[in-house]
Structure formats: structure tokens, C-alpha cells
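Report on the structure given below.
Please treat every number below as a calculation from the coordinates, not as lab data. It should be emphasised that the depicted structure is a prediction, and the values quoted were computed from it without experimental measurement. Cβ coordinates were reconstructed from backbone atoms using ideal geometry, including for glycine residues, and neighbour counts include every protein chain displayed.
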Amino acid sequence: MKAQLNEQELKQVLVDAGVGLTAQRIAIARYVLVEGDHPTASEVLENVSKVLSMVSKATIYNTLSLFVEAGLLVEVSGGAQDPVRYDGNTTAHHHLRDHRTGRLIDIPYGDIEIANLDALKKRYNATRLTVIIEGEPAGG
């Protein structure tokens with residue numbers, strides 16, 4: 001579920017989150033919030049460089065961190081071997097990692113039930129719970 005935002009609405013999302021407007025931040029926000037689908041920092045750099053030739057790797061990483069701190073993105077990692085991906089859907093949900101393509105697909109939060117969830121939250125002082133299922137979409 002990608003946001004359908006025009007340029008003015010995108011800028012307002014950034015302002016509302018307390019993020020100052022720069023050409024780089026707007027271009028990065030356009031990609032991660034509107035165009036990209038769970039991109040890695042490298043994918044963000046590759047795609048944003050197509051519209052802003054003067055964007056550095058450091059700017060990408062710093063801006064992604066800023067967006068995470070501002071609540072615009074959530075970092076998703078499946079483990080040490082997987083690159084961190086950035087998710088513009090900050091509502092509670094889970095993921096299916098398509099083992100053929102590596103693509104992450106959103107799964108609604110209520111589609112997965114964990115019987116001892118309350119006990120787990122207390123035991124681990126959990127602030128967020130997300131499940132990543134490895135496999136492929138049915139029929140694929």
C-alpha cells in the first residue's frame with residue numbers, strides 16, 4: 001500500500017514530521033514513500049541519483065536515519081545476512097519475503113495470530129512485533 005501523494009502533499013508530510021525541506025530530502029521521500037517498495041539504502045541511492053546527480057551515499061544514509069527517527073519509515077531486517085530495508089508503511093503489519101525475488105510483501109497485522117503474544121511482550125519488553133515469513137506468494 002503505497003502513498004499517493006502529490007508534491008505539495010509530500011512536502012507537507014515532511015514538514016508535519018518536523019523534517020526540514022531540501023531537494024535531497026524531497027527526492028528521497030518521493031522514492032521511499034511513494035515509488036519504492038521496501039528499498040535498501042543502495043536502491044534508494046541508485047534511484048534518487050537518476051533525478052539528483054549530486055546526492056551522496058552519506059546523504060542517503062543520514063536522511064533515511066532522519067526519516068526513521070521522525071516516524072516516516074521503519075527499518076526491516078531479516079537477519080545479519082539481509083540488508084536493512086526501509087518501509088514507509090509504519091502501521092503494524094508483518095511481511096512475506098519472497099525467497100525467489102527477495103521482495104518483501106506486506107501482510108496485515110491481524111492475519112497472524114500468536115497465542116502467547118501478551119506474555120512475549122512482557123518477557124522481552126517488546127516495543128514492536130513483526131513477523132517475517134520466508135516463502136512465496138500462493139500461486140507463484
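For the residues 45, 73, 96, a GNM of the chain with alpha-carbon springs under 10 Å puts the largest fluctuation on 96.
Within the listed set 27, 70, 119, the residue fluctuating most in the Gaussian network model of the chain (springs between alpha-carbon atoms under 10 angstrom) is 119. Recomputing Rg and Dmax of the Cα atoms in Å from the coordinates shown identifies the correct label among (1) 14.1, 41; (2) 16.3, 50; (3) 25.3, 93 as (2).
Along the axis of the charge dipole computed for region 7-76 (Cβ charges of +1 for Lys and Arg, -1 for Asp and Glu, origin at the Cα centre), the listed residues 56, 71, 27 are led at the positive end by 56.
Need the C-alpha centroid separation for region 87-120 versus region 6-22, integer Å. For region 87-120 versus region 6-22, the Cα centre distance is 28 Å.
Would you mind working out the magnitude of the charge dipole of region 70-140 relative to its Cα centre, with +1 at each Lys and Arg C-beta and -1 at each Asp and Glu C-beta, to the nearest 20 Debye? Don't skip to the end; give the middle numbers.
Details: 8 positive and 10 negative charges, 50 e Å.
The calculated dipole for region 70-140 is roughly 240 debye.
Inter-label distance, residue 127 to residue 103: 3.2 nm, where each label sits 7 Å from its Cα along the C-beta direction.
Here the sum of -39500 (n - 2.57) over DSSP H runs of 4 or more residues, divided by the residues of the chain, equals -9500 deg cm²/dmol at 222 nm, to the nearest 500.
Applying 1/(1 + (r/R0)^6) with R0 = 25 Å to the Cβ-Cβ distance of residue 7 and residue 70 gives a FRET efficiency near 0.85.
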